[in-house]
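Here's the structure, in structure tokens; my notes come after.
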Amino acid sequence: MTAIVLLALLCVSILGYFLNRQAATKLRANGTRLHSVPGYHGLYSLLSTIVPVVVLIVLWLIFQGPLIDRFTMSGLPAGSLDELDTGGRQLILAEIKSISRGRIFGNPEVWKVDAADRYVWMHAVAGWMLFGIVIVASLGIVGLARSRVAADFRARHGVERITSGLMLFCSTIAIFTTLGIIAALLFESIRFFERVPITEFFFGLNWEPQIPLREDQIAAEGAFGWIPVFLGTLVITVVALFLAVPVGLLSAIYLNEFAPSRLRAVAKPVLEVLAGVPTVVYGFFAILVVAPAIRSFGASLGIPVSPNTALAAGSVMGIMLIPFISSFTDDALSAVPKSLRDGALALGATRAETVLNVLFPAAIPGIVGGILLAISRAIGETMIVVMAAGLIASLTINPLDSVTTVTVQIVTLLIGDTSFDNPKTLAAFALGMMLFIVTLVINVFALRIVRKYREAYE
Amino acid sequence: MMNDMRKIERDTVASEIKIQARGVQVFYGDTHAIKDVSVDILDKTVTAFIGPSGCGKSTFLRCLNRMNDTIDIARVEGDIHIDGDDVYDPSIDPVQLRAKVGMVFQKPNPFPKSIYDNIAYGPRIHGLARTKAELDEIVERSLRRAAIWDEVKDRLHEPGTGLSGGQQQRLCIARAVATEPEVLLMDEPCSALDPIATAQVEDLIDELRRNYSVVIVTHSMQQAARVSQKTAFFHLGNLVEYRETGQIFTNPEDPRTESYITGRIG
């Protein structure tokens with residue numbers, strides 16, 4: 001039904017477009033000077049029909065379901081809902097709905113079948129009502145728009161207002177989504193902190209998110225100190241950056257400044273392929289290749305290495321991050337004006353000196369941007385660490401030990417059957433909140449550093 | 001007064017040859033940009049290259065310090081000798097060459113560093129100063145020679161990009177002289193400047209002639225007449241005429257030169 005309604009709206013609004021355009025063309029043919037060209041008169045009709053009517057349809061569809069549910073329930077025979085709580089009423093409504101869809105279990109009471117029939121009927125009526133209203137409203141707007149076609153009518157301004165409104169709406173979507181995410185995290189975190197003291201979470205050195213499943217079960221009470229988990233994230237991130245930053249920077253500098261153009265034409269796309277490898281494949285690589293290699297290498301030196309090391313997960317993550325850093329650095333170096341490069345070379349600077357003293361400082365904001373993005377990715381990266389890092393939170397900074405990360409813990413806490421009223425599940429939201437805050441702080445901090453030390457050209 | 005002095009000095013041009021170019025050809029890919037140019041550029045003289053846009057004068061200038069090396073598709077043939085050394089000989093290090101042949105560009109291009117660091121950059125990479133005091137002295141001397149010391153002496157540690165266009169160009173000249181070059185190449189150094197800044201830079205060029213061989217590319221014939229002792233006229237990649245500035249502007253030999261300086265071509 002909705003598809004038919006939308007199709008009808010489309011037809012009517014296209015009709016309005018041609019009506020208005022034709023009217024405006026006729027005006028112009030009579031020798032009148034128009035403020036807006038005929039195309040804008042047509043677009044004005046089209047947009048001012050579609051936009052409000054689509055809003056109307058969306059609102060109608062939002063309210064239609066709940067209203068019909070309510071009518072259905074209130075139309076039931078007196079006494080059939082007596083002594084029922086909310087859950088019981090919901091159950092009856094669900095049964096009526098499933099009967100209306102033709103799925104009948106057992107022998108339902110007659111009044112339920114009647115209610116289901118009425119439910120179907122109300123939906124049909126609502127659909128036709130919507131269809132009628134949309135036709136009337138859109139035809140009305142088309143007529144109104146047609147009557148406004150005149151030499152001095154500013155159709156172009158109208159179109160510009162409507163489109164800029166649409167653009168504004170689209171740009172706010174991202175902002176409101178972010179606010180929604182923050183709100184969701186915040187509320188669940190607050191519920192977590194009602195159950196677990198905030199000091200335990202922030203300063204606790206133990207992370208054992210087990211809780212008794214039954215009242216009488218003898219189990220550990222569960223410890224929710226986030227420090228060991230966060231330390232694991234930190235160790236893996238540092239390992240990843242130790243690999244990614246130098247390799248990424250140097251490869252970008254080589255490709256941008258020293259490589260012959262033919263090598264560059266081949267090497268740059270190949271490097272960027274790394275960015276397209278799915279992280280789960282990196283995960284395979286970490287557990288099947290890197291971790292055993294590190295382990296046997298450690299064994300040959302007589303160093304005990306655990307099977308899931310932070311080093312393996314971190315170094316594979318570092319490989320994943322190389323293209324981020326190198327492509328940001330490459331872009332930043334390419335953006336430095338050629339005149340600066342020429343200026344340094346003309347003073348007798350070598351290429352290396354030019355890069356180091358002139359190009360690099362000028363490119364710092366872009367480079368730091370790339371590194372920041374890499375850090376955010378490293379902290380938030382999940383798949384590689386789920387596969388290659390451990391599950392047990394241990395308070396260590398030794399990269400040869402097994403560590404766990406914030407993201408791994410969030411995944412394990414939320415996997416499987418979960419109930420959203422115990423601290424174990426809610427802890428995931430608190431961890432997510434902290435992850436969000438940490439990346440935010442890093443971003444703000446780095447922006448300030450960049451602004452202070454950048455060498456701005458022009 | 002200044003003009004009188006120039007007239008007098010014009011007659012006493014040093015005869016020593018600093019740069020000798022023979023049969024220079026430059027190709028950009030398939031384009032033949034410079035066709036068989038031979039020229040002798042004298043020491044302690046200002047030599048002006050004039051000619052219509054695209055005639056190859058900047059390209060030829062950039063051959064002299066091998067800045068064309070930075071353009072992948074550029075190819076240079078022929079001989080260029082500076083003080084008898086072949087510039088394009090494989091044994092010549094372009095880095096050392098460029099330390100000896102300084103260059104000022106059309107658009108001021110100060111580094112996004114402090115005024116002090118802009119000037120000190122060349123001396124630092126070439127190790128011209130052993131102590132901080134020596135470096136300070138080089139910076140001050142260079143800024144004084146570029147006639148900008150008084151304007152910037154109180155803000156040496158502010159960014160060079162914050163100066164006005166004319167100041168930036170003089171800063172770039174100071175930066176070029178700080179490495180103690182023997183030849184100074186200037187590629188339309190005044191084209192982005194207002195008349196006052198232009199006059200300052202022109203005075204400076206005249207001043208620099210005492211120590212350097214200066215080669216200046218310019219679109220302004222008045223400027224060539226004001227600052228140079230020798231003038232070369234380029235047209236479509238050819239060196240058409242190369243003579244004393246006074247003669248080329250008053251009594252050109254080639255009809256193309258005459259057409260250009262009287263404004264009929266170019």
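The values are calculated or read from the model by the stated rules, or taken from the named source; none is laboratory data. Bear in mind the structure is a predicted one, so any value in this text is a computation, not a measurement. Backbone-built Cβ (ideal geometry, glycine too); neighbour counts: all protein chains shown.
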For this session: Please report, ordered by residue number, the helices (runs of 4 or more DSSP H) entirely within the range B:200-262 with at least 2 residues that are closer than 23 Å to residue B:63 by Cα and either at pLDDT 90 or above or not acidic (Asp, Glu) (or both).
Result: B:221-227
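Yes/no per residue for (1) buried (at least 23 other Cβ atoms within 10 Å of the Cβ); (2) modelled with pLDDT under 85; (3) touching a helix residue (DSSP H, G or I) at 6+ places or on another chain (Cβ under 8 Å); (4) not assigned by TED's automatic domain parsing to the domain that holds residue A:274:
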{"position": "A:317", "(1), (2), (3), (4)": "yes, no, yes, no"}
{"position": "A:328", "(1), (2), (3), (4)": "yes, no, yes, no"}
{"position": "A:336", "(1), (2), (3), (4)": "no, no, yes, no"}
{"position": "A:350", "(1), (2), (3), (4)": "no, no, yes, no"}
{"position": "A:371", "(1), (2), (3), (4)": "no, no, yes, no"}
{"position": "A:378", "(1), (2), (3), (4)": "yes, no, yes, no"}
{"position": "A:383", "(1), (2), (3), (4)": "no, no, yes, no"}
{"position": "A:391", "(1), (2), (3), (4)": "no, yes, yes, no"}
Problem set entry | helices (runs of 4 or more DSSP H) wholly inside the range A:336-418 that include at least 2 residues being in contact (Cβ under 8 Å) with a residue 24 or more places away in the chain and touching a Pro at 6+ places or on another chain (Cβ under 8 Å) | A:360-380, A:406-414
For this session: Give the range B:116-139 a look and list any residue that's touching a residue at least 12 places away in the same chain (Cβ under 8 Å) and more than 10 Å from every other protein chain (Cβ to nearest Cβ), or say none.
Result: B:116, B:119, B:120, B:128, B:135, B:138, B:139
For this session: Report yes if some residue within the range A:50-66 is surrounded by 16 or more Cβ atoms within 10 Å (Cβ to Cβ), closer than 30 Å to residue A:151 by Cβ and of a type outside the set (Val, Ile, Thr); otherwise report no.
Result: no
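To keep it simple, each residue is scored yes or no on (1) crowded, with 16+ Cβ neighbours inside 10 Å; (2) over 34 Å from the mean Cα position of the chain (by Cα).
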{"position": "A:72", "(1), (2)": "yes, yes"}
{"position": "A:83", "(1), (2)": "no, yes"}
{"position": "A:135", "(1), (2)": "yes, yes"}
{"position": "A:159", "(1), (2)": "yes, no"}
Seminar exercise, completed: Within the range B:109-168, residues surrounded by fewer than 16 Cβ atoms within 10 Å (Cβ to Cβ) and among the hydroxyl-bearing types (Ser, Thr, Tyr) come out as B:131, B:164
For this session: For residue B:171, indicate whether it is among the aliphatic types (A, V, I, L, M), farther than 17 Å from residue B:211 by Cα, part of a helix (DSSP H, G or I) and away from chain A (no Cβ under 14 Å).
Result: no
For this session: Look through A:187, A:201 and report the one residue that is under 22 Å from residue A:419 (Cβ atoms) and either at pLDDT 90 or above or in the same structural domain as residue A:437 (by TED's automatic domain parsing) (or both).
Result: A:187
For this session: Determine whether the range A:247-265 contains at least one residue that is within 30 Å of the chain's Cα centre (by Cα) and farther than 30 Å from residue B:73 by Cβ.
Result: yes
Exercise. If only one of B:27, B:49 is surrounded by fewer than 21 Cβ atoms within 10 Å (Cβ to Cβ) and in contact (Cβ under 8 Å) with a residue 40 or more places away in the chain, which one is it?
Worked result: B:27
